[in-house]
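The block underneath contains the structure these notes are about, expressed in structure tokens.
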Amino acid sequence: MDTAEVRFGVLGPVTAERDDGLLDLKGPRHRAVLARLLVARRRVVPVARLVADLWPEPPAGAVGAVQTFVAALRRALEPDRPPRAPARLLVTDGPGYTLRAAPDAVDAWCFETAVTEAAGLPPGQALDRLRAALARWRGPAYAEFAHEPWSRAERARLTELRLRAEEQRAGALLALGRPDQAVPDLDAHVTEHPWREEGWRLLALALYRAGRQGDALAVLRRARTTLVEQLGVDPGPALRRLEADVLAQSPALEAPAEAAGAASLWHRAAQAYDHAVGAGSRARLELTVGLLRALAVTGGGGLAAPRDQRTAVVAAAEELGDARLTARVIGAYDVPAVWPRCDAPGAARWIVAAAERTLAALPAGTRHAAARGRLRAAAALEMRGTRAPRGPEAAAEAEALARRLDDPALLAFALNGRFMQSCARAGLAARRDAIGTEIVALSRRHGLDSYEVLGHLIRMQAGAALGDEAAADAHATAADRLGERHERPLVAVFTGWYRAMRTGTEDAVRAAAALLDGAGMPGLTRGLVPLALLCLRLRGRPHAVAEAARAVDPAADWGPYRAWAEPFALLAAGRRAEARAARDALPEPPADLLYEALCCLDAALALEFGDRPALELARARLRPAAAEQAGAGSGLLSLGPVEVWLAEISAALEAPGQ
């Protein structure tokens, strides 16, 4: 089991969960142990410290009780861990315990990273990042341990960071020329936290830019009164300077002209729409999903809002009890997708279930065939990487309906679903190339710009897998050209990584890593960089395990690939028996474009241990891809020709004594 699948929440009550739901953390002291380890942020907490923190007056059996709590937590966090296999998440380390949570597995750590990164982004991207970050908060940090001395410093730090993020969000809205949107939250902010001068400054500035000079001056005077009466201090220089500028109507207070012009045009249109279309109307739901689709195809920070809001829009449509409306809302989100791993698996499962409910509720007959096709195509995309048999079935049904109806847009959507369901085993690059070829031709005939980009990216990946570098290069260039013409910034992420793979150096991989910042695709991003570096060290060298192992950083964010990194890390630490046990526990690689690469990592470990059954399994899995480049179908990384790996595996199996 991949322990990185466990995610922890501390921005509210303390929780632990996987994609299939919350974990049962037993009693309050079990939760307290987990919370105390999370506060330590991957550092060791001695048992004596845990005892002192859990009991004001520790009972005689306190140490044994802590050990019992830890054992129960391990069972909850790693239920599939084989008996006597070492724990990989909550581990014993010297005099105590440490929780080796991945950097992006704890909501507070993700929040902190997002706020830090937002400070260096343009206002639009910063606003998206901050909104998503603040949405992680479910209540006070470490809510049920608010009065524990050991949580006090961390809770104070996170609270300060949250307040700063709220102010950064308001600053981004002002920079974008949207002061009206900033005012309500800032008003609540200064009411709850009247000592924060930056909050008062931003509120007064927002009111001034919204044409409310009198209100801005009233706020500044209220700030002065509050600070003097509650803290006994006068306003600082920033507030005093702002008051003088407001009284003088200083031009320096105006928003940048470019931001103000574009923002006011958008704001006027949005206001007109709000007045014209009722809040609960069907038209608003359909137009909203269209906006979410438009946001998603622009990529980057725009991907976060559709992920957050799409399920809410579909749920609202279902509540109206109109299956045809719900079908249109689900089917309208035909955003081309090139990476067969979900960014939000829980939301994906919910959309699939909603699509199935809607299919069952649609009236019978041919009149709704197109709606059925779109629901099937949407389900096929959302079931990517799951190996669910319904996925290929949904893609096939959507394609058949599209061809029968002669519906080009539906056919492109369905072919995207077929592509997503084409990674269940090794050796399918030629099939994906054929899908990409049809998507490109179809898109050119019917002006489906976004799908034409998708087709070229698919053919770039397939060309890399098939060793046709000239074709892959040509499709990367075509994708870049279209991406620039149609403002699709995510295209450069995939083509940039493809070129880094072609270059085949550590520097190229690290340079490509910068392209992932703000990409908004955790299904692609998590664990990719350390995995690419590991594969680079084994590229075409199945026996270079010791060298590769020495370079593995166990503290890196391995995301969904931690299970494959762990044996290498244990080998580097000299813990060979534990490394072998970790290799034995490896699951079948997920059904995505890294299938062959992960099979090769497994094979490298099997060669290291001389594990005949594992080598036979690796050979069976890789044989269909004998003519391909291992992992190159991802367009991200490669381990060299599959035939080299098969030759080494066969030689090991045929060697004397095997």
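Here are a few things to note about the model shown:
- Relative to the current alpha-carbon distance between residue 192 and residue 17, full extension at 0.36 nm per residue lengthens the span by 59.8 nm.
- Contour minus Cα-Cα distance for residue 238 and residue 164 (0.36 nm per residue): 25.0 nm
- Between 161, 145, 523, the Cα set farthest toward the positive side of the dipole of the chain (charges on each charged residue's Cβ, about the Cα centre) is that of 145.
- For the chain, the solvent-accessible area works out to 43 Å² per residue, with a probe of 1.4 Å and every protein chain left in place.
- The H on the amide N of residue 96, modeled in the peptide plane, is under 5 Å from the matching H of 47, each at least 5 residues off or on a different chain.
- FRET efficiency for residue 431 and residue 356, using Cβ-Cβ distance with R0 set to 30 Å, rounded to 0.05: 0.70
- Averaging Cα coordinates gives a centre for the range 464-496 and one for the range 162-241; these two points are 46 Å apart.
- Cα gyration tensor, the range 526-624 - rounded (a/c under 1.5), prolate or oblate: rounded
- Remark: spin-label model distance residue 91-residue 138 equals 2.7 nm, labels positioned 7 Å along the Cα→Cβ axis.
- In the assembled protein chains, residue 442 presents an accessible area of approximately 10 Å² (probe radius 1.4 Å).
- Computed with a 1.4 Å probe on the full set of protein chains, the accessible area for residue 78 sits at about 10 Å².
- Rounded to the nearest 10 square angstrom, residue 97 shows an accessible area of 20 square angstrom against a 1.4 Å probe.
- Label-point gap, in nm, between residue 575 and residue 294 - each point 7 angstrom along Cα→Cβ: 5.3
- In the chain, helices alone account for a calculated mean residue ellipticity at 222 nm of -20000 deg cm²/dmol, with every DSSP H run of four or more residues adding -39,500 (n - 2.57).
- Listed peptides 561-567, 248-254 by packing density, highest first (mean Cβ within 10 Å): 561-567, 248-254
- Peptides 587-597, 398-408 ranked from most to least packed, by the mean per-residue count of other Cβ atoms within 10 Å: 587-597, 398-408.
- Between the range 579-658 and the range 319-369, the alpha-carbon center distance in angstrom: 37
- Shape of the range 397-483, Cα gyration tensor, a/c cut at 1.5: oblate
- Simple label model, 7 Å out from Cα along Cβ direction - residue 553 to residue 517, nm: 1.5
- Global form of the chain, assessed from the alpha-carbon gyration tensor, a/c cut-off 1.5: oblate
- Charged-residue dipole, Cβ positions (Lys, Arg, Asp, Glu), the chain about Cα centre, Debye nearest 20: 660
- Value in Å of the Kirkwood radius, where the range 10-112 supplies the Cα pairs that are averaged: 14.3
- Surface share of carbon and sulfur [accessible, 1.4 angstrom probe, percent] for the chain: 53
- Sorted on the mean count of surrounding Cβ atoms within 10 Å across their residues, most packed first, peptides 383-389, 418-424 read 418-424, 383-389.
- Amide N of the range 425-448 lying under 20 Å from the label point, which is placed 7 angstrom from the Cα of residue 396 along Cα→Cβ: 425-436
- Extension reserve of the residue 655-residue 117 stretch, reckoned as 0.36 nm per residue once the Cα distance is removed: 188.4 nm
The values are calculated or read from the model by the stated rules, or taken from the named source; none is laboratory data. Just so you know, these numbers come straight off a predicted model, no measurement behind them. Every residue, glycine as well, gets a Cβ built from its backbone with ideal geometry; the counts of neighbours run over all protein chains shown. Quick note on the areas: whole protein, heavy atoms, side chains included, nothing else; ligands and nucleic acids left out. Shrake-Rupley method; radii C 1.70, N 1.55, O 1.52, S 1.80 Å.
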